[in-house]
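To start, the structure under review is shown below, and the notes come after it.
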There are 2 protein chains.
Amino acid sequence: MPTQPIGDLVSVYRDALLDDVVPFWERHSPDPDRGGFFTMLDRSGQRYGDDKPIWLQGRAIWLFATLYRLVEPRPQWLELAQRGREFLDRHAFAPDGKMYFSVTHDGKPLQMRRYVFCEVFAVMAYGALALATDDETAREQARRCYRRFVEYITTPGKIAPKIDTTTRPMKGLSPLMCWLSLAEMMRGIDPTTDYDTAINRCVDEILTHFVDHDRRCVLETVAPDGGIVDGPDGRVMNPGHAIECAWFMLDIAQRRGDGTLVQRVLPIVDYALERGWDTEHGGLLYFVDIDGRPPVQLEHDMKLWWPHNEALIALLYAYRATGEQRYADDFLKVHEWTFNHFPDREHGEWFGYLHRDGSLSTPLKGGTWKGPFHVPRCLLLCWRALEALPASSAR
Amino acid sequence: MPTQPIGDLVSVYRDALLDDVVPFWERHSPDPDRGGFFTMLDRSGQRYGDDKPIWLQGRAIWLFATLYRLVEPRPQWLELAQRGREFLDRHAFAPDGKMYFSVTHDGKPLQMRRYVFCEVFAVMAYGALALATDDETAREQARRCYRRFVEYITTPGKIAPKIDTTTRPMKGLSPLMCWLSLAEMMRGIDPTTDYDTAINRCVDEILTHFVDHDRRCVLETVAPDGGIVDGPDGRVMNPGHAIECAWFMLDIAQRRGDGTLVQRVLPIVDYALERGWDTEHGGLLYFVDIDGRPPVQLEHDMKLWWPHNEALIALLYAYRATGEQRYADDFLKVHEWTFNHFPDREHGEWFGYLHRDGSLSTPLKGGTWKGPFHVPRCLLLCWRALEALPASSAR
């Protein structure tokens with residue numbers, strides 16, 4: 001049982017953020033010639049590819065604008081966010097307004113996907129800039145991307161379904177999670193519009209349709225009315241996803257002072273750890289079949305960096321909301337496994353992909369999915385939450 | 001250095017095929033109610049899902065029709081193939097003639113994909129039935145699926161490209177490999193049509209555009225003229241794919257008595273082992289970056305069953321063609337690792353997905369991709385090739 005007082009960790013999170021992780025990305029990621037961010041970086045920060053994934057452009061802009069606003073107004077952070085935003089403005093949008101999934105280093109279109117997740121990170125990027133600089137154009141761009149995202153996910157057939165919905169109607173957790181988090185962000189930058197209705201709808205739909213208290217799990221895919229979908233797709237739990245969703249809602253509950261919502265969300269945190277924590281090797285599994293049938297994702301038992309980031313935030317927020325020692329203990333358990341396995345002591349930043357036993361699978365620091373986002377967001381949010389704990393509870 | 005005479009292995013391959021692997025699928029895979037094959041089978045053969053992936057319907061039909069023709073005319077094998085074919089006829093084709101990727105157990109459409117690989121396995125299924133029974137309808141269905149496949153892969157834009165071809169023109173190894181193997185099959189069942197032109201075209205294009213002798217590798221993706229594609233996609237080698245491609249061509253060379261082709265193909269076998277064999281843990285890696293940059297596929301260093309199946313066939317065919325002891329030695333090396341790690345001694349058949357260190361990742365026996373195909377095809381082809389070795393060379 002870990003016994004370290006968690007209040008002692010403030011400087012661990014702050015120093016990792018400001019002295020290690022952010023400098024790694026500042027040094028290696030920005031493209032000085034074209035703007036935007038390179039993210040295909042090897043262990044030492046050297047590029048192994050020049051393409052620019054659009055998810056990560058938006059996420060990087062969010063990070064630097066948010067550091068500028070919440071940590072300190074360093075001009076270089078704002079400039080990085082603004083140069084990223086120029087690249088996004090210029091190269092990320094197809095003629096019909098939908099966003100590309102990836103473009104070349106000089107902005108030529110490479111891939112368009114069916115989904116609208118690039119739009120999610122664009123809302124975060126423009127929204128963070130609007131919050132940091134009160135820029136009306138950024139605010140309007142955030143609004144526009146938000147409206148487009150909502151239109152896509154709420155209009156049946158607007159995103160061509162992967163699985164024939166006549167044969168097997170179903171819905172996923174991801175769009176709702178994203179909607180929830182974007183509506184909460186937009187609420188803070190656009191007081192002229194009602195976002196609370198969307199927030200309440202997402203919270204209720206997630207808690208009533210995707211959380212299964214009988215089986216103590218959170219499902220990734222359910223029937224439109226929340227019923228069970230037959231087969232492996234209907235049994236998948238992604239513990240990192242579930243626990244990320246939990247902290248989105250704990251954060252909303254904190255803002256609202258809504259203790260009832262806290263109590264409704266806490267089971268998700270418990271289920272994610274019950275289902276996801278690997279009792280043999282430690283760390284959080286990537287995918288779990290909730291009936292113990294054979295997982296079908298090849299990477300199911302790998303340990304990815306980001307579920308650990310989300311778990312740290314969620315456990316700290318659960319502790320902040322309840323003061324229950326078990327959440328502090330679990331936070332320390334996850335903290336220790338995470339900091340013992342992911343950070344690269346030699347070249348900085350964190351590795352992203354470990355085998356089940358904790359050994360390294362690939363040494364890359366960034367790619368299409370990993371970039372300047374989950375690690376620094378976790379370090380920033382945990383640092384601030386740890387700092388804000390009352391001294392008496394920071395045991 | 002292995003010293004077992006490989007001729008002694010005839011019974012190992014035959015017994016594994018007839019007493020273990022085929023019975024597993026006969027027992028657990030056929031759907032007695034609707035026809036077709038269940039493939040989502042756990043370790044003991046119990047179903048964890050009822051959907052029917054179309055690739056595997058075609059592959060299973062191919063297997064049972066081929067066993068009937070090449071091993072012995074057991075009526076139950078022909079009946080399984082024919083009941084599978086009825087399911088395929090009835091449920092695998094969309095109204096426009098393109099094939100679904102998966103359907104429900106009772107044949108309702110689930111997923112349509114851009115690619116035409118279902119058509120590949122349909123040609124194999126109908127073709128194997130035509131060979132086994134001289135059925136004119138099956139022959140005509142094989143012809144029709146073949147023509148459709150060729151039309152799709154040779155008509156620019158007919159398959160919507162994943163990556164914008166204006167920005168980055170490129171082509172993949174998979175369609176050519178499939179075309180090569182289908183044309184060779186069709187040649188045997190349809191003497192009225194010229195297939196040799198297609199075979200020669202595929203052989204030349206693979207050998208001149210995808211095999212890189214300077215870097216001693218086979219690429220999955222190249223520029224349309226065979227040039228290098230920048231970035232991780234252009235550096236991917238899939239050793240199992242490469243070595244499968246090699247035995248397709250060694251088989252053609254054997255039929256033709258074409259020693260020159262043998263010599264042109266053998267480097268692929270060498271490169272696949274040089275690049276793919278894991279000198280630390282043994283076994284073949286799934287994906288390799290040929291410049292040693294960080295692999296981007298999460299499953300890159302897993303050990304999958306099928307590359308080992310393909311390597312065994314290719315090494316045996318290389319030995320058959322050359323009599324060079326090093327191919328027999330490599331065959332034994334791969335044989336030993338494969339038979340020590342993949343077969344399930346308790347419930348029969350083989351596991352499919354191991355971690356890099358050879359430990360089990362998931363205990364499933366079948367799924368969307370693994371079914372009654374690579375293992376029994378390998379056992380059958382190796383059994384026959386081992387049996388046909390001259391006694392003096394079967395050292």
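Miscellaneous remarks
- 13 Å reach of a label modelled at residue B:50, 7 Å along Cα-to-Cβ, counting backbone N of region B:105-130: B:105-108
- Computed FRET value (nearest 0.05) for residue B:151 with residue B:79, which takes r as the C-beta separation and R₀ as 25 Å: 0.15
- Of B:310, B:274, A:280, the order by accessible heavy-atom surface (1.4 Å probe, DNA, RNA and ligands excluded), from most exposed downward, is A:280, B:274, B:310.
- Pair residue B:98, residue A:27: separation of 7 Å Cα→Cβ label points (nm): 4.8
- Taking Lys and Arg as +1 and Asp and Glu as -1, the other residues whose beta-carbon sits under 11 Å from that of residue B:105 total -2.
- Long-range HN-HN contacts of residue B:350 with modeled amide H, under 5 Å: B:344
- Solvent-accessible area of residue B:383, all protein chains in place: 30 Å² (probe radius 1.4 Å, heavy atoms, ligands and nucleic acids excluded).
- Using all pairs of distinct alpha-carbon atoms, the Kirkwood hydrodynamic radius of region B:313-392 works out to 14.1 angstrom.
- Charge sum, other residues only, whose C-beta stays under 11 Å from residue A:140's C-beta, Lys/Arg counted +1 and Asp/Glu -1: +1
- Shielding value for A:284-296 is 4, the average number of Cβ atoms from other chains within 10 Å of each residue's Cβ.
- Count Lys and Arg as plus one, Asp and Glu as minus one, and take only other residues whose Cβ is under 12 Å from that of residue B:76; the net charge is then 0.
- Reducing region B:367-386 and region B:167-218 to their Cα centroids gives an inter-centroid distance of 22 Å.
- Among the helices of chain A, those built from whole DSSP H runs whose Cα atoms reach 18 Å or more along their own axis and whose mean Kyte-Doolittle hydropathy is at least 1.6 are A:117-133.
- Starting from the label point of residue B:73 at 7 Å along Cα→Cβ, the same points in the other copies fall at 9.0 nm, in ascending order.
- Most fluctuating residue given options B:309, B:238, B:200, as computed from a GNM of chain B linking Cα atoms under 10 Å: B:200
- The heavy atoms of residue A:202 offer some 0 square angstrom of accessible surface to a 1.4 angstrom probe.
- Above-threshold pairs, the threshold being 24 Å between Cα atoms, out of B:171/B:303; B:108/B:370; B:158/B:303; A:52/B:162; A:303/A:370: B:171/B:303; B:158/B:303
- Taking amide H as placed 1.01 Å from N in the peptide plane, residue B:31 has its amide H under 5 Å from the amide H of B:36, B:37, B:38, each at least 5 places away in sequence or on another chain.
- Between residue B:194 and residue A:228, the distance separating the two model label sites (each 7 Å from Cα on the Cα→Cβ line) works out to 6.0 nm.
- With a simple spin-label model that places each label point 7 Å from the Cα along the Cα-to-Cβ direction, the separation between residue A:160 and residue A:344 comes to 3.8 nm.
- Residue mean of other protein chain beta carbons inside 10 Å, A:225-231: 2
- In the assembly of identical copies, residue B:227 has its label point, taken 7 Å from Cα in the direction of the beta carbon, separated from the corresponding points by 5.7 nm (ascending, one decimal).
- Mean residue ellipticity (222 nm) of chain B, computed from DSSP H runs ≥ 4 via -39,500 (n - 2.57), nearest 500: -16500 deg cm²/dmol
The values are calculated or read from the model by the stated rules, or taken from the named source; none is laboratory data. The structure displayed is predicted, hence computed values, not measured ones. Heads up, the Cβs are rebuilt from the backbone with ideal geometry, glycines too, and the neighbour counts pull from every protein chain shown. Surface accessibility is based on the protein's heavy atoms, side chains included, excluding ligands, DNA and RNA. Shrake-Rupley method; radii C 1.70, N 1.55, O 1.52, S 1.80 Å.
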